[in-house]
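Remarks on the structure that follows.
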Amino acid sequence: MEKNIDLLHGRILPSLTALAVPIMATALVQTAYSLTDMAWVGRLGSAAVTSVGAAGMYTWLSSGLVTIARMGGQVKAAQSIGEGKREEAGLYAGGAIQLTIFFALMFAAVTNLFAEPLIRFFALNEDKIVADAVVYLRIACGLILFSFLNQTLTGLYTAAGDSKTPFLANLIGMGANVVLDPVLIFGWGPFPRMEVAGAAIATVTAQIMVTAVLVAAAGKDKVLFPHLRLIRLVPGKFFKVMIKVGLPSGIQSMIYSMISMVLTRFVAAWGDDAVAVQRVGSQIESISWTTADGFGSAINAFVAQNYGGRRSDRVKKGYLTAAGIVCLWGLFTTAVLVFGRVPVFGLFIQEPEVIPLGADYLRILGYGQMFMCVELMTVGALSGLGKTFSSSVISILFTSARIPLAIVLGKVLGLNGIWWAFTISSVAKGIVFFGFYQVVLGRLKRQGTETEEK
């Protein structure tokens with residue numbers, strides 16, 4: 001069966017759907033990783049959830065670094081494929097992997113060296129929570145290389161029109177994680193009870209398995225990976241172009257996570273249970289945003305290849321088709337979070353005093369899901385055109401507004417005011433991004449495909 005989908009010709013909806021469905025399924029599988037961890041860790045109590053949540057903020061922060069390599073490599077490789085320059089695409093792919101390895105090793109060293117002060121930033125109340133968070137951070141971030149490689153390799157497979165291989169690789173990883181989590185957390189069979197450390201080891205082991213599958217499958221690819229020469233140092237001009245494309249998205253991701261870290265510190269003022277609610281709630285909500293982000297990766301590859309192939313008509317139609325699909329997904333997740341909030345949250349934390357707090361989180365965040373989905377899909381489309389700077393500016397401005405909003409609304413509505421700050425900013429970003437892309441589409445119609453930012 002042909003794994004690489006032709007994005008330059010044929011009907012748009014079947015091509016886009018064939019690429020997007022495995023990516024969305026992959027996103028759901030990756031979400032299942034986190035939800036599985038959280039379900040088992042939640043059985044240790046809200047304190048353990050808080051530990052994993054605090055440490056997990058830094059794994060989220062790390063995604064900004066790998067985004068520089070992944071986004072730059074994916075966009076430029078896809079554009080080169082669209083232009084028929086596969087050797088050039090291979091150079092971008094090799095450069096993306098080399099950048100990924102460098103960033104991973106650097107981040108691992110820093111987080112292990114400063115693990116305790118990094119966790120202390122959140123002003124958590126119990127020493128045991130801090131100690132567990134430090135252990136989780138050192139394991140998860142010390143071996144962040146495999147998570148980084150998985151993200152970049154997934155981006156490169158997507159650029160080549162193959163979204164099935166990353167899905168299968170992540171499905172295998174999820175299976176390993178499902179088995180290893182209870183075994184290592186609770187010490188089943190010959191394994192000792194490791195609790196939070198066990199959750200970290202299970203996740204990293206699953207990530208290693210995903211990397212192994214992705215690397216092994218690369219030999220069967222016929223579009224991109226045959227032109228990749230990893231041991232050869234890629235010329236500097238390719239790194240310069242990739243960093244130019246990927247840096248705005250990377251900075252956006254890091255600033256977004258930093259803002260969330262500041263808001264987590266605000267949340268800690270309501271106690272460690274409030275931090276646990278934010279951690280679990282965000283993982284549940286990730287069913288929506290990781291899937292929309294996955295669809296954004298599909299529209300990114302679609303737009304990039306057609307932009308490279310000078311097919312502006314398909315760029316426009318592809319975006320509008322994708323917008324309709326993610327709007328439906330956003331409405332579905334809104335219904336799940338709003339109407340199923342109590343039983344869904346209760347799957348992860350059983351303390352009766354915490355469940356009402358979590359239900360409020362899901363209800364309030366649920367109202368903004370459709371707008372958030374449109375935002376993430378539009379960011380992917382803009383990035384496919386090389387317009388990463390514009391999308392980053394919009395996202396940073398509106399996400400930064402969460403801090404003053406949280407301060408004001410927190411004084412009026414308490415903890416729920418912080419959750420409303422998230423939702424209000426998501427609604428605003430979705431509306432602005434959709435409107436901005438209409439302007440870009442208008443420029444494409446008037447100027448052809450000469451829209452890449454200088």
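From the convex hull of the Cα coordinates of the range 101-169, what is the mean projected area in square nanometres? Show your work: numbers first, answer last.
On the way: hull surface 23.2 nm².
That works out to 5.8 nm², a quarter of the Cα hull's surface.
Using the structure shown, list the pairs from Lys85/Lys222; Lys164/Lys237; Lys164/Lys222 with a Cα-Cα distance above 25 Å, or answer none. Show your work: numbers first, answer last.
Working: Lys85/Lys222 14 Å; Lys164/Lys237 31 Å; Lys164/Lys222 14 Å.
Violating the 25 Å Cα-Cα cut-off are Lys164/Lys237.
Round to a whole angstrom and tell me the spacing of the C-alpha centers of the range 29-107 and the range 113-181. Cα centroid to Cα centroid, the span is 8 Å. Helices in the chain that qualify as membrane-span-like (whole DSSP H runs, Cα extent of at least 30 Å along the helix axis, mean Kyte-Doolittle hydropathy of -0.5 or higher) are 12-42, 46-82, 86-113, 164-186, 196-217, 236-268, 272-308, 312-339, 415-447. Taken along the Cα-to-beta-carbon direction at a fixed 7 Å, the label points for Arg232 and Glu126 span 5.6 nm.
Percentage of Cα-Cα pair distances in the range 296-337 greater than 15 Å, rounded to whole percent? Of the Cα pairs, 47 percent sit more than 15 Å apart.
Quote the relative contact order of the range 75-177 in percent (integer), defining contacts as alpha-carbon pairs under 8 Å separated by 6+ residues. Write down the numbers at each step before the final one.
Numbers: 70 pairs, mean separation 32.3, N = 103.
Relative contact order comes out at 31 percent.
For the range 346-410 and the range 411-431, what is the centre-to-centre distance using only Cα atoms, to the nearest Å? With the range 346-410 and the range 411-431 each reduced to a Cα centre, they are spaced 8 Å. Convex hull of alpha carbon positions in the range 259-382: directionally averaged projected area 8.0 nm².
As a length-normalised measure over Cα pairs under 8 Å and 6 or more apart, the relative contact order of the range 1-153 settles at 28 percent.
Here the chain is treated with +1 on each Lys and Arg Cβ and -1 on each Asp and Glu Cβ, and its dipole about the Cα centre works out to around 1600 debye. Over the C-alpha atoms of the range 154-262, the Rg to Rh ratio, Rh being the Kirkwood estimate, stands at 1.09. Using the alpha-carbon positions of the range 222-311, Rg (one decimal) and Dmax (whole number) come out as 19.3, 55 Å.
Among the trypsin sites (Lys or Arg not before Pro) within the range 287-386, those in coil by DSSP and having at most 15 neighbouring Cβ atoms inside 10 Å are Arg310.
Summarising the label geometry, the points placed 7 Å from Cα in the beta-carbon direction at Gln350 and Ile243 lie 5.2 nm from one another.
Per-residue ellipticity at 222 nm for the chain, helices alone: DSSP H runs ≥ 4 residues times -39500 (n - 2.57), over residue total, nearest 500 deg cm²/dmol?
Values: 17 runs with 369 residues, N = 454.
Taken over the chain, the calculation gives -28500 deg cm²/dmol.
Throw me the Rg/Rh for the range 329-437, computed over C-alpha atoms with Kirkwood Rh, two decimals.
Details: Rg = 15.6 Å, Rh = 14.9 Å.
Dividing the radius of gyration by the Kirkwood radius yields 1.05.
P(r) tail for the chain: Cα pairs beyond 41 Å make up 13% of the total. Think of the chain as a dipole: +1 on every Lys or Arg Cβ, -1 on every Asp or Glu Cβ, centred on the Cα centre; then among Met174, Ala27, Ile201, Ala27 lies furthest on the positive end.
Normalised by the number of residues in the chain, the average gap of Cα pairs under 8 Å and 6 or more apart makes the relative contact order 23 percent.
For the range 219-352, the per residue solvent-accessible surface stands at 42 Å², with DNA, RNA and ligands left out and a 1.4 Å probe. The percentage of C-alpha pairs in the range 203-253 whose separation is greater than 12 Å is 76%. Counting protein heavy atoms only, the chain has 69 percent of its accessible area on carbon and sulfur, 1.4 angstrom probe.
Quick note on the range 71-217: its Rg to Rh ratio, both from C-alpha atoms and Rh being the Kirkwood radius, is 1.07. Ignoring the sites themselves, the chain has its longest run without GluC sites (Glu not before Pro) in a DSSP loop having at most 14 other Cβ atoms within 10 Å at 127-352.
Solvent-free Debye calculation, one equal scatterer per alpha-carbon of the range 1-138: log10 I(q)/I(0) at 0.10, 0.15 Å⁻¹ equals -0.53, -0.91. Taken over the alpha carbons of the range 183-333 as equal point scatterers, the Debye sum produces base-10 log I(q)/I(0) values at 0.10, 0.13, 0.19 Å⁻¹ of -0.67, -1.09, -1.38.
Can you give the charge dipole size of the range 302-424 about its Cα centre, rounded to the nearest 20 debye, using +1 on the beta carbon of Lys and Arg and -1 on the beta carbon of Asp and Glu?
Working: 10 positive and 5 negative charges, 137 e Å.
About 660 debye.
Volume per residue of the convex hull around the Cα atoms, evaluated for the range 301-362, comes out as 91 Å³.
The values are calculated or read from the model by the stated rules, or taken from the named source; none is laboratory data. Keep in mind it's a predicted model, so treat the numbers as computed, not measured. A quick note on method: Cβ atoms are made from the backbone with ideal geometry, for glycine too, and the neighbour counts reach across all protein chains shown. SASA here: full protein model, heavy atoms, side chains in, ligands and nucleic acids out. Shrake-Rupley method; radii C 1.70, N 1.55, O 1.52, S 1.80 Å.
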